[in-house]
Amino acid sequence: MKNYYQILGVRNNATLSEIKRAYREKCKQLHPDAKGDNSKSEEFNLVVNAYRVLSDLRQRTIFDDSFLNKIRQKTKPEDAFDYYKWLKSRDDNESRAKFIFYTLMRGKEDEAVEEFKRMQMTRSDFSLKDWFTREDFMDYGYILAEELVIRGEYYDAFILLEQIIQLEYSYSYFYIFFPEVIDFTVAILKKNIDGVISDELALDVYERALDLNLGRTNDAFFLKKMGDEYERLGDRVTAGICRQESEKLSH
């Protein structure tokens, strides 16, 4: 992994202003158009990528976590404490929750997803948000939801995003990445539920979505889809009610 701080020539705890200033200086030195010299284009691209990561709070947090962990792995003695093995051997909810996010952020996404799904199915009292700060749960929970979507686990992804949204609503101010969470959730609801998961699960998802305050237009969409689901399940009366409510919200 490249050391983006070293590429920009700044400290690990550099402020955003320092990062921007260093980026501008590097661009002046390396931009291919500046002197008509393309020999440093690769170095320039590294600078651009370093700035893209370090200027974004979420990406910088993820980079710091991953990069510093790699440094620790290279420098630790042979008999150093193995946190991964220790977490894996424990069966309490806190350790399982930390194991999921620990593996997620260290290139073991499949293991993280598998463990999350196992805990969801076997323990009704299990919740990731019980063991992390609001910011960590939102950041890492969002990344886990992305991994679930990649694997076609849309129902589980929605349930996780629902928890993130409900947690955020409990605060008097929004976390910086909350709009991104909302957009991701709505995209799943519109593209990856109807006709993708079972009608029963789809109904559960759309009913839950109505409680998330995602706006009249989205609520009208969810109600219309609920009407379609009830129609397929043979409940035409409820299907008609849902469609009527959808029409009201559409006007």
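The values are calculated or read from the model by the stated rules, or taken from the named source; none is laboratory data. What you are looking at is a predicted structure, and each value in this text was computed from that prediction instead of being measured. Note: ideal-geometry Cβ built from the backbone for every residue, glycine included; neighbour counts use all protein chains shown. What goes into the accessible areas is simple: the full protein's heavy atoms, side chains included, and nothing from ligands, DNA or RNA. Shrake-Rupley method; radii C 1.70, N 1.55, O 1.52, S 1.80 Å.
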(message) For the structure I just gave you, tell me whether residue 193 is surrounded by 20 or more Cβ atoms within 10 Å (Cβ to Cβ) and part of a loop (DSSP other than H, G, I, E, B).
(response) yes
(request) For region 192-223, name all the residues that are over 26 Å from residue 178 (Cβ atoms) and of a type outside the set (S, T, N, Q). (result) 195, 199, 200, 203
(request) Any chance you could count how many residues in region 168-190 are open to solvent by 50 Å² or more (accessible area, probe 1.4 Å) and either small (Gly, Ala, Ser) or part of a loop (DSSP other than H, G, I, E, B) (or both)? (result) 6
(message) Could you tell me how many of the residues in region 133-160 are surrounded by 18 or more Cβ atoms within 10 Å (Cβ to Cβ) and in a loop (DSSP other than H, G, I, E, B)?
(response) 1
(request) Give the residue that is nearest to residue 166 (Cα to Cα), with candidates limited to residues of region 229-251 that are of a type in the set (D, E, K, R), part of a helix (DSSP H, G or I) and open to solvent by 30 Å² or more (accessible area, probe 1.4 Å). (result) 245
